[in-house]
1. Having 1 or more residues that are out of contact with any helix residue (DSSP H, G or I) (no Cβ under 8 Å at 6 or more places or on another chain) is the bar; report the helices (runs of 4 or more DSSP H) wholly within the range 246-322 that clear it.
2. Could you check Met215 against (1) surrounded by fewer than 24 Cβ atoms within 10 Å (Cβ to Cβ); (2) modelled with pLDDT of 85 or more and say which number it fails?
3. Can you name every one of the helices (runs of 4 or more DSSP H) wholly within the range 555-658 that holds 2 or more residues which are of a type in the set (Val, Ile, Thr) and modelled with pLDDT under 80?
4. So for the range 498-507 (the condition being among the charged types (D, E, K, R), surrounded by 14 or more Cβ atoms within 10 Å (Cβ to Cβ) and touching a residue at least 40 places away in the same chain (Cβ under 8 Å)), does at least one residue qualify?
5. Got a sec? Which of His343, His359, His339 is more than 30 Å from Ala496 (Cα to Cα) and touching a residue at least 12 places away in the same chain (Cβ under 8 Å)?
6. In the range 189-221, which residues are part of a helix (DSSP H, G or I), farther than 18 Å from Asp131 by Cα and among the β-branched types (Val, Ile, Thr)?
7. Go through the residues of the range 60-68 one by one and say whether even a single one is among the acidic types (Asp, Glu), closer than 21 Å to Ile38 by Cα and more than 20 Å from the chain's Cα centre (by Cα).
8. Go through the residues of the range 440-458 one by one and say whether even a single one is at pLDDT below 90 and over 25 Å from Ala354 (Cα atoms).
Amino acid sequence: MYLLIVVLPLLGSLVAGVFGRFLGSRGAALVTTTCVSISSGLCFIAFYEVALGASACYIKFAPWILSEMFDASWGFLFDTLTVVMLIVVTFVSSLVHIYSISYMSEDPFLPRFMCYLSIFTFFMLMLVTGDNLIQMFLGWEGVGLASYLLINFWFTRLQANKAAIKAMLVNRVGDFGLALGIMGCFAIFQTVDFSTIFACASAFVWEPSFIFLNMKIHALTAICVLLFIGAVGKSAQIGLHTWLPDAMEGPTPVSALIHAATMVTAGVFMMARCSPLFEYAPKALIVITFVGAMTSFFAATTGILQNDLKRVIAYSTCSQLGYMVFACGISNYSVSVFHLMNHALFKALLFLSAGSVIHAMSDEQDMRKMGGLASLLPFTYAMMLIGSMSLIGFPFLTGFYSKDVILELAYTKYTISGNLAFWLGSLSVFLTSYYSFRLLFLTFLAPTNAFKRDIERCHDAPTLMAIPLILLAFGSLFVGYLAKDMMIGLGTHFWANSIFILPKNEIMFSSEFATPRMMKLIPILFSAIGAFLAYRVNFCANKFIYVLKTSTLGTKCYCFLNKRWLFDKVFNDFIAKSFLRFGYEVSLKTLDKGAISILGPYGISTTFRKLAKQISTLQSGFVYHYAFVMLIGLTIFITIIGLWDFISFWVDNRLYFIYLLSFLFIHLERDVRTN
């Protein structure tokens, strides 16, 4: 059963990819959706056995790489952390498959699309079930490949090509850090197996150090920072986040799958899986807290002035990932994974609802060209409202039970990094509320700015698109309440040994009682202020707001935030152009066409051409000259054969060819100088 969970999406992908043209669009969609849905059903059984029954499953499948001390075999680890991720991945993926059948029904390449979705799911399952770093890295690279294929699905569009290449290249930067971290783990622990590494981690707390970049640093700190660089790339943290908003060029179901269940959640899962390493690297945890808090604030400020419907939700994902990362930085991995699960539900609901709006509005994504859709799309409006309320942490919805706990834990950490994370996270709550209600006002409630032809053809979600939305809406309403006590409740043993927290870092049990009441009310207060401000700015005609927008300072602030803090401009002007210039001037002209060509192909061809000219002068046309040369050659050959044992005693016979070439080149050079 456990192997079927992983294999079924691969089977569906292979059938759709190989036999898609014979099965047709409906046949390929039916096969892939059935396989992923069965896998999702088996995941719930695995959750009952492993998580609720406290019976972890470990399967050693087959050898893969065996070389001296290096052993990376195919193995699958099903513990509590794994089965929670399995439910998130397969449940959301199966709903996205069902949604795509209707959303992509008019696309002639639907079998290829369903094939890519299933292979995406398979690689994510490989990532979360791997029992060693190499197998996890296989899934890690696999989801990167699948994301490239899906973002670039409409490959005739130039922007889709650019977005896919950008996603691939930016993730390569993070993957390089992850690869170095894996190498560091093997250098220190002499293994890549999770169980062995985690068992030995405490013994290397006082490990002196090793040399990295010519600096002597603590071994576990260096490894954890390198692993975190991989998470920064995959989970779109500040610095390597630029690929995530551009990934909107793919079809909307792709966006839902990338942002909710796969790809971006891989980095958070990896940090939770490697918690025994991170716990013994406190300096790395400070870096993680700072980066996560900055990401949540940066993405929230950027999202408030974006005009593309999907791009606003994309920056929302980036901001929420910042919450998950700094929750890991304050040593509360279980709360981070709990927020990951909750976020997957309401973020998938938001993206699929956005897809319903785009589908109804003839592929229009600019919110400024919408408005007044609440009466035309009442069902979609209700779904988007539920998702947005859960996102901002409205009391007693799913998002409330994880986001507020993260902020309370950051406050009760009583450290500089914890307080920084709390206040930046609280400001992000205010900004999240603002852009969420701005999205609702501009799209559904404000006076319409849409074209008449779009309004006439506007229609609500059909049945196949509505079913996934309803299921995700129920999850966004109730899952947080139902799972809170089980996953992060007082004294729960739900996570067992899948997550490790040092006793000195375990503040979860006291946060509920240690946080002052005023601090608990700050997120709700900020949410209410953000909603009111969004109403006044975007729904009501306000002369003061108009003057502020059109002022010099207001215009500069708008451009700065709308252009995403100018990250793309800085990267293009100072990094990309420098690399392109280096690649042309130094690598191509100086090395490839210069030194390497002269010493390599050009030099060799020139030498042999001159040698051929020298040899051609020996052709006199007289037979006795040729016979004399043949006699001399035969005499030398017989002499060498006869004295073979004597010569080989003094000279290695493998050097004959080198001696001969040296003799010829010296002779050729002497002739050239003479001429």
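The values are calculated or read from the model by the stated rules, or taken from the named source; none is laboratory data. This is a predicted model, so every value here is computed, not measured. A quick note on method: Cβ atoms are made from the backbone with ideal geometry, for glycine too, and the neighbour counts reach across all protein chains shown.
1. Those helices (runs of 4 or more DSSP H) span 282-303.
2. That leaves (2) as the condition not met.
3. Fully inside the range 555-658 and qualifying: 596-599, 601-616, 623-642.
4. The answer is no, given that none of the residues of the range 498-507 is among the charged types (D, E, K, R), surrounded by 14 or more Cβ atoms within 10 Å (Cβ to Cβ) and touching a residue at least 40 places away in the same chain (Cβ under 8 Å).
5. So the residue among His343, His359, His339 that is more than 30 Å from Ala496 (Cα to Cα) and touching a residue at least 12 places away in the same chain (Cβ under 8 Å) is His359.
6. The one that is part of a helix (DSSP H, G or I), farther than 18 Å from Asp131 by Cα and among the β-branched types (Val, Ile, Thr): Thr221.
7. So the first thing to find is which residues in the range 60-68 are among the acidic types (Asp, Glu), and the list is 68.
In the following step, the residues that additionally are closer than 21 Å to Ile38 by Cα were identified as none.
No, because not a single residue in the range 60-68 is among the acidic types (Asp, Glu), closer than 21 Å to Ile38 by Cα and more than 20 Å from the chain's Cα centre (by Cα).
8. Looking through the range 440-458, none of the residues is at pLDDT below 90 and over 25 Å from Ala354 (Cα atoms).
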